[in-house]
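Take a look at the structure set out below.
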Amino acid sequence: MSLYCGTACRRKFFGGYRLLSTYVTKTRYLFELKEDDDACKKAQQTGAFYLFHNLAPLLQKSEHQYVAPQHSLLELERLLASLQKAEVETALQGSFIKLTKALFELNVKDASLLSTAQALLRWHDAHQFCSRSGQPTKKNVSGSKRVCPSNNIIYYPQVAPVVITLVSDGTRCLLVRQSSFPKGMYSALAGFCDIGESLEETVRREIAEEVGLEVDRLHYSASQHWPFPHSTLMIACHATVKPGQTDLQVNLRELEAAAWFSRDEVAAVLRRNHPSNQQQSGAVPFWLPPKLAIAHQLIKEWVEKPTCSPLPA
């Protein structure tokens, strides 16, 4: 079992250090905790932790969502020293649930912290040895980096940039599904940035590769850290295609399906966006990613702001 090593430090901020009243002060305090082992050790003594087992967080199920309980270091050290997994679950009145299953049923604060925690734990597990010397690396107290003692090379956690783009022809938007998606779910196009590419080049390439369309205009919308598959930075964009060039050439190696949908169709799905509702009513032929996903926000933005004008690509 694992503790989120940075949680004690970070939770101090969310728990409310009332004297830290400005963003700059809070940010610099968190920086100190990441870099100063003594300061982090001190904060851990009164901080709150999330508990993980094989990258699955300990959660409690309430009536409508999962809740991530917080525990003191003293409590967890006592439990983990003497109890097995099942006994810990019983003692803490929860279960270790895969984050892929629980993420959309968590509140925003817990979802963000658990996503960060899982990403860090996975990164540490995969970087236990120096890629140059082959020697074991050692993490600092906060878990913000790993160091190779033999050559002092410092390794920092990294994320992979991914563009997620909602394509429009002006009146319709393009939604796609991959075979790995839950049954009935459609989303925006997404793909990893290649080495040497700008975001704009990635958007143009992905759309050309996956649906055979050429981008005319695009603009940036927002970004989101995403813990799957191995910690990505989702960079959300809107794009319009060249007039008269809307015939799809779907790359079946990448996608299972792709189709154009009107604003009214998408708005109807947003109003009834849950697979169970769709199955019960039979009125909606597909559903969209849940509200926590940036794809949902991207699609919602397109429905609500039809006058938004992308810039030339």
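Just one of (1) under 27 Å from the mean Cα position of the chain (by Cα); (2) surrounded by 13 or more Cβ atoms within 10 Å (Cβ to Cβ); (3) not in a helix (DSSP H, G or I) fails for residue 46. It is (1).
Within the range 179-194, the set of residues being surrounded by fewer than 14 Cβ atoms within 10 Å (Cβ to Cβ) and at pLDDT 95 or above comprises 192, 194. Looking only at residues in the range 249-266 that are without any contact (Cβ under 8 Å) to a residue 24 or more places away in the chain and part of a helix (DSSP H, G or I), which one is surrounded by the fewest Cβ atoms within 10 Å (Cβ to Cβ)? So, considering only residues that are without any contact (Cβ under 8 Å) to a residue 24 or more places away in the chain and part of a helix (DSSP H, G or I), the one surrounded by the fewest Cβ atoms within 10 Å (Cβ to Cβ) is 264. Of all residues in the range 154-178, those satisfying the criterion of being surrounded by fewer than 18 Cβ atoms within 10 Å (Cβ to Cβ) and part of a strand (DSSP E or B) are 154, 155, 160, 161, 172. Of all residues in the range 226-248, those that are part of a strand (DSSP E or B), among the hydroxyl-bearing types (Ser, Thr, Tyr) and over 30 Å from residue 109 (Cα atoms) total 1.
Being in contact (Cβ under 8 Å) with a residue 24 or more places away in the chain and more than 22 Å from the chain's Cα centre (by Cα) is not true of residue 60.
The values are calculated or read from the model by the stated rules, or taken from the named source; none is laboratory data. Please read these numbers as outputs of a predicted model, since none were measured by experiment. Neighbour counts run over all protein chains shown; Cβ positions are idealised from the backbone, glycine included.
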